[in-house]
Amino acid sequence: MSHGRGETLLNVQDLLDRMVERPGGRLYPVAVGLTLIGVVGFIAGVMTEPARAWTALVWNWALWSGVSTGGVILVAASTITSGHWIRSLRRLAESLTAFMPVSYVIMIILFFGLGHVYSWVEHPPEVKAAYLNPRFFVFRQLVSVGIVYLLSLLLVYWSLRPDLGLLKERVGGWRRGLYERLTRNWQGLDIELERSIYKRERLAPAVVLVWAAGWTVWAWDWLMSIDPHWFSTLFGAWMFMTYFLAAIGVTAVLATFFRRYRSFVDIIDQRSLHDIGKMLFAFTIFWTYLFFAQYLVIWYGRLPEETHFIEQRLWHAYQPIAIVVLLGVFLVPFLGLLGVKPKRTPALLRTFAMISLVGIWFFHLLIIGPGVFPDSIALGGIELAVAGGVLGAFMLSTMTFFRAIPSIAIAAGLPPDPESEKLAELTEPHHH
């Protein structure tokens with residue numbers, strides 16, 4: 001089947017056959033169980049140790065909300081740069097946005113616990129009192145996060161629409177109703193493909209710019225203000241690149257997970273794993289560069305209002321966490337992903353991606369924890385229960401996306417035509 005652009009499309013019936021074999025079905029009970037444990041643990045924590053419960057929710061919500069936005073930025077960046085390498089992985093990255101509605105609801109819940117986490121709610125610094133005002137905080141977060149999420153979901157919608165229109169006559173039940181609602185005023189595949197490309201090429205730069213600005217403010221408000229006297233002009237960029245790295249890691253894990261299923265081996269091939277592995281390796285280095293660039297200026301400036309933030313997190317009670325972060329986010333993935341083989345071997349790529357994600361999870365504890373519990377590491381049953389709950393909600397969101405939406409982008413021309421494949425084989429360097 002072709003759509004007049006000289007590209008070979010995946011056979012529709014073949015796609016439907018692939019959709020029958022749904023990776024992750026057995027994980028549903030696990031995700032539901034984790035979510036329930038998280039809800040119970042959070043409620044119990046609020047009743048016994050509210051500061052720990054609310055802090056744990058901020059910490060874990062921040063991580064997975066950032067991953068959710070990072071997924072759409074990965075897609076937007078590849079759209080802007082005409083990156084064809086992501087075609088087989090695009091739907092995996094887009095699935096991360098399914099957590100956005102859940103994230104927005106959790107954010108509203110967090111507004112009720114600000115006083116347990118942020119000292120500025122009761123005692124704002126005089127020079128920041130106008131900005132660190134609870135009402136203004138709630139207003140700008142509702143608006144800025146809402147805009148980022150809305151534009152992100154709109155970009156994903158225009159990416160999905162051609163596939164849904166192509167398949168709506170071939171699916172039944174609730175999927176058919178969903179597809180019909182999402183493809184109203186369908187104008188035919190060729191026109192819809194052109195519209196999709198047009199919309200995505202214009203939305204992608206807007207999404208990236210709004211995300212960079214909105215998530216910088218988000219990082220200032222939710223993470224940097226944990227210590228209301230400290231500030232860094234590089235902090236926003238450091239944090240949103242942290243989430244870009246985390247989204248690459250999650251996409252890599254999903255790619256290796258899906259590839260274990262027979263029907264996805266020929267779509268998510270070693271070249272796809274190599275591409276996402278190179279991205280993970282590159283942004284691991286870039287994340288470390290941003291950390292060092294920030295650390296070097298602050299440390300050599302020797303200003304007490306700046307250096308205490310670094311000292312509190314790299315020494316004293318939180319030094320073990322800092323070591324774990326250094327190993328998990330930088331050293332182990334950097335050394336492990338050197339060379340071609342680790343990037344093309346699913347088990348190795350998955351292992352190093354998960355190590356990076358665990359390191360980023362501890363990184364959030366390192367950023368948030370000392371601002372609330374400066375003398376001891378708050379990491380126990382409450383924190384683990386809440387972490388499991390937010391992870392479970394993220395898993396449920398992603399798996400629901402894959403249950404409803406094809407896991408492979410087909411209408412945009414996947415896989416490439418045989419001539420392009422042959423040319424790539426002839427021109428790409430071969431590694432042994």
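Students often check this: by mean Cβ neighbours within 10 Å, which of 163-175, 72-84, 357-369, 88-100 ranks highest, and how do the rest follow?
Ranking the peptides 163-175, 72-84, 357-369, 88-100 by packing returns 88-100, 357-369, 72-84, 163-175.
Name the residue, out of Y149, Y157, Y289, whose mean-square fluctuation peaks in a Gaussian network model built on the chain with Cα pairs under 10 Å.
Y289
If each residue of separation counts as 0.36 nm, what is the full-extension length gain between A404 and W85 once their alpha-carbon separation is subtracted?
Between A404 and W85, full extension yields 112.4 nm more.
Cβ neighbours within 10 Å, averaged per peptide: list 382-392, 117-127 in order, most packed at the top.
Top of the packing list down: 382-392, 117-127.
Would you mind checking segment 54-75 for residues with the amide N under 19 Å from a putative spin-label position 7 Å along Cα→C-beta of F286?
66-75
Give, in nm to one decimal, the length gained when the segment between I191 and H316 is fully stretched (0.36 nm per residue of separation minus the Cα-Cα distance).
38.8 nm
Loop-only check: which trypsin sites (Lys or Arg not before Pro) in segment 255-326 are DSSP coil with at most 11 other Cβ within 10 angstrom?
Those that pass, being in a loop and sparsely packed, are R302.
Which value in deg cm²/dmol, rounded to the nearest 500, describes the helix-derived mean residue ellipticity at 222 nm for the chain, given -39,500 (n - 2.57) per DSSP H run of n ≥ 4 and division by the residue count?
Theoretical 222 nm ellipticity from helices: -23500 deg cm²/dmol.
Once you place label points 7 Å from the Cα toward the Cβ at I43 and V138, how far apart are they in nm?
Label-label distance for I43 and V138, simple model: 2.3 nm.
Please report the relative contact order for the chain, taking Cα pairs under 8 Å with a sequence separation of at least 6, and give it as a percent rounded to a whole number.
33 percent
Give me the number: length gained by fully extending Y261 to L234, i.e. 0.36 nm times residue separation minus the C-alpha to C-alpha distance, one decimal in nm.
Length gained, Y261 through L234: 5.5 nm.
Quick check for the chain: number of Lys pairs with alpha-carbon distance under 30 Å, counting only pairs 8 or more apart or on different chains?
Close lysine pairs found across the chain: 7.
Please express the Cα-Cα pair-distance distribution P(r) of segment 204-264 as a list of whole percents, one per 10 Å bin, running from 0 to the bin with the greatest distance.
Once binned at 10 Å, the Cα pair distances of segment 204-264 give 20, 35, 24, 15, 5, 1.
Values quoted throughout were computed directly from the atomic coordinates according to the rules given, and no laboratory measurement underlies them. Bear in mind that the values here come from a model prediction, so they are computed numbers and not experimental data. No Cβ is skipped: glycine too gets one built from the backbone with ideal geometry, and neighbour counts run over all protein chains shown.
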